[in-house]
Amino acid sequence: MTVPVRLGLRANARQFGLLVGLNALVGAMVGLERSVLPLVGKEDFGLRSTSTVLAFVLAFGAAKALTNLAAGDLAERLGRKRLLVIGWLVALPMPVLIGLAPSWWFIVAANLLLGVNQGLAWSMTVVMKIDLAGPKRRGLALGLNEAAGYVGVAGSAFVTGVLAASYAPRTVVWAGAALIAVAGLLLSVFAVRDTGEHVELEQQAHAGKSGHATLRSAFAQTTRDPVLRACSQAGLVNNLNDALAWGLAPLYLAAHGADVRQIAVVTAAYPVVWGAGQLVTGWLSDDIGRKPLIVGGMITQAAALGLLVAGGGAFRPSLAAAALLGVGTAMVYPTLLAAVSDASQPRDRARVVGVYRFWRDFGFVLGAVIAGIGADAASPRVAVLIVAALTGASGLLVAATHWQPRPGLRATSIPMTEGEH
């Protein structure tokens, strides 16, 4: 007997739970590098320029941004599951490149592959959860997704940092990457189901409205629509300060006397607070709206970066700043994705989310450039202050944007399970 397709978290609990767990593995792939890779550049390869060290962040961000842009369009043409599997296949050569790298540029090449992996695998877990959840609890669904991903980032960042105190850091990274990539691929091939039928079901509530035919039109919509435009710039600035936290913070702390275990604690605190906080903020945005959380989150991030500078690189103030940065990012991250989904039709969703994620992850590129040039030309302190100012200004820009009511708050004819209304 064919099981009817229904929307809602309860109706799709098993598949949704699988995607949550899978996204924890996607996050763990990038978390492997958070604590130790900048130090590997300095210690294993003798790099002196911060800009050169941060080339791996730039490569990752550029590859992920462009892949996000393509993934939204390809998801409509090829299907969500197929792209998810391709994302894990792309990750398989990464451990080899890191483990056998004769120069830093092999590490940079590995991060190009990591960017493609994240752009495909994370994008598809996001879009598939949105497909399954329907409009009523979209914020909660994305909070669960992003929480799993960034708890995965935090867990692997902490474990990598701890193990790097006893084993060669590069060995820890490539061995962990190999295990995670194989596990993610097997789960995607044998357990995940595509969500195309859920998209068609939700589209029935948009009678008389056709989807955008091309990626170009979705790109134009994201540029014209004030809410989508505000979300895109906020996402870009959010990942700009994330690039700083990833690439510059370990070097900044090491320069002020922190050991590898202390660096691991600080670099893990940020994504673990970020990840766990999204369990609350995603749900909260469904009830109080998207805009207050986005504005408050950006201002909180700016304050956290100011605290990092004021603490002068000492361990305790840096740990407090990392936790506060995690709070601000938790307020912003799932809420932006939910806001973008609110503003798009179901058949357009993958493309519009892909365009948003392109702009958001282009922030990694700008963050690596600003952090690298700022640190080399002036000091890490100046680079952090520049990013703090940009983050505060971004929050004010969202505050000045007129926000439409959420479509999920209006009655629809979409079948939901009991308890989802």
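The values are calculated or read from the model by the stated rules, or taken from the named source; none is laboratory data. Please read these numbers as outputs of a predicted model, since none were measured by experiment. Positions of Cβ are generated from backbone atoms using ideal geometry, with glycine treated the same way; all protein chains shown enter the neighbour counts.
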If we keep only residues of the stretch 107-147 that are among the charged types (D, E, K, R) and surrounded by fewer than 24 Cβ atoms within 10 Å (Cβ to Cβ), then the residue farthest from the chain's Cα centre (by Cα) is Lys136
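Can you tell me which residue within the stretch 184-200, out of those that are among the hydrophobic types (A, V, I, L, M, F, W, C) and touching a residue at least 24 places away in the same chain (Cβ under 8 Å), is farthest from Ala121 (Cα to Cα)? Let's see the steps before the verdict.
So the first thing to find is which residues in the stretch 184-200 are among the hydrophobic types (A, V, I, L, M, F, W, C), and the list is 185-187, 189-192, 199.
From what's left, touching a residue at least 24 places away in the same chain (Cβ under 8 Å): 185, 187, 189, 191-192, 199.
Details: Leu185: 10, Leu187: 12, Val189: 12, Ala191: 15, Val192: 12, Val199: 19 Å.
Looking at residues that are among the hydrophobic types (A, V, I, L, M, F, W, C) and touching a residue at least 24 places away in the same chain (Cβ under 8 Å), I get Val199.
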Checked against (1) modelled with pLDDT under 80; (2) out of contact with any helix residue (DSSP H, G or I) (no Cβ under 8 Å at 6 or more places or on another chain), Leu215 satisfies every condition except (2)
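For every residue, the table says whether it meets (1) touching a His at 6+ places or on another chain (Cβ under 6 Å); (2) under 23 Å from Arg349 (Cβ atoms); (3) of a type in the set (Lys, Arg).
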{"residue": "Arg6", "(1), (2), (3)": "no, yes, yes"}
{"residue": "Leu18", "(1), (2), (3)": "no, yes, no"}
{"residue": "Leu37", "(1), (2), (3)": "no, no, no"}
{"residue": "Ser49", "(1), (2), (3)": "no, no, no"}
{"residue": "Ala55", "(1), (2), (3)": "no, no, no"}
{"residue": "Ala70", "(1), (2), (3)": "no, yes, no"}
Over the stretch 383-403, the set of residues buried (at least 22 other Cβ atoms within 10 Å of the Cβ) and of a type in the set (Ser, Thr, Tyr) is Thr391, Ser394
Leu240 passes all but one of the listed conditions (1) in contact with a Phe, Trp or Tyr (Cβ under 7 Å, 6 or more places away or on another chain); (2) aliphatic (A, V, I, L, M); (3) closer than 19 Å to Met298 by Cβ; the exception is number (1)
If we keep only residues of the stretch 150-187 that are at pLDDT below 90 and among the aromatic types (Phe, Trp, Tyr), then the residue surrounded by the most Cβ atoms within 10 Å (Cβ to Cβ) is Tyr150
Here the qualifying pairs (Cβ atoms under 6 Å; residues six or more apart or on different chains; first in the stretch 79-94 and under 14 Å from Ala183 (Cα atoms); second among the hydroxyl-bearing types (Ser, Thr, Tyr)) come out as Leu84/Ser188; Val85/Ser188; Trp88/Ser188
Notebook entry, point to check: Does Leu84 satisfy being crowded, with 24+ Cβ neighbours inside 10 Å, closer than 20 Å to Leu112 by Cβ and among the hydrophobic types (A, V, I, L, M, F, W, C)?
Noted result: yes
Exactly one of Ala276, Ala218, Ala269, Ala258 is in contact with a Leu (Cβ under 9 Å, 6 or more places away or on another chain) and of a type outside the set (Lys, Arg), and that residue is Ala269
Output for Cβ contacts, cut-off 9 Å, separation at least six or different chains, first residue crowded, with 20+ Cβ neighbours inside 10 Å in the stretch 252-264, second of a type in the set (Lys, Arg) and in a loop (DSSP other than H, G, I, E, B), reads Ala264/Arg34
Apart from one, (1) surrounded by fewer than 21 Cβ atoms within 10 Å (Cβ to Cβ); (2) over 23 Å from Ala243 (Cβ atoms) all hold for Ser103; the odd one out is (2)
Could we say that Leu228 is more than 23 Å from Leu89 (Cβ to Cβ), surrounded by 16 or more Cβ atoms within 10 Å (Cβ to Cβ), modelled with pLDDT of 90 or more and of a type outside the set (D, E, K, R) here? yes
Those residues of the stretch 10-36 which are crowded, with 24+ Cβ neighbours inside 10 Å and at pLDDT below 90 amount to Asn12, Val30, Gly31, Leu32, Glu33, Arg34, Ser35, Val36
Taking the stretch 363-419 and keeping residues modelled with pLDDT of 85 or more, of a type in the set (Ser, Thr, Tyr) and not in a helix (DSSP H, G or I) leaves Thr401
Report task. Look at Arg77 and say whether it is surrounded by fewer than 18 Cβ atoms within 10 Å (Cβ to Cβ), within 30 Å of Pro4 (Cα to Cα) and at pLDDT below 85. Result -> yes
Out of (1) at pLDDT below 90; (2) surrounded by 24 or more Cβ atoms within 10 Å (Cβ to Cβ); (3) in contact with a Leu (Cβ under 7 Å, 6 or more places away or on another chain), the one Thr335 does not meet is (1)
Heads up, the helices (runs of 4 or more DSSP H) in the stretch 121-234 (entirely inside) with at least 2 residues that are among the polar types (S, T, N, Q) and more than 22 Å from Leu39 (Cβ to Cβ) are 215-224
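Would you check if Trp105 is in a helix (DSSP H, G or I), over 20 Å from Ser188 (Cβ atoms) and not polar (S, T, N, Q)?
It is true that Trp105 is in a helix (DSSP H, G or I), over 20 Å from Ser188 (Cβ atoms) and not polar (S, T, N, Q).
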In the stretch 44-74, residues that are surrounded by fewer than 17 Cβ atoms within 10 Å (Cβ to Cβ) and free of Cβ contacts under 8 Å to residues at least 24 places away in the same chain total 2
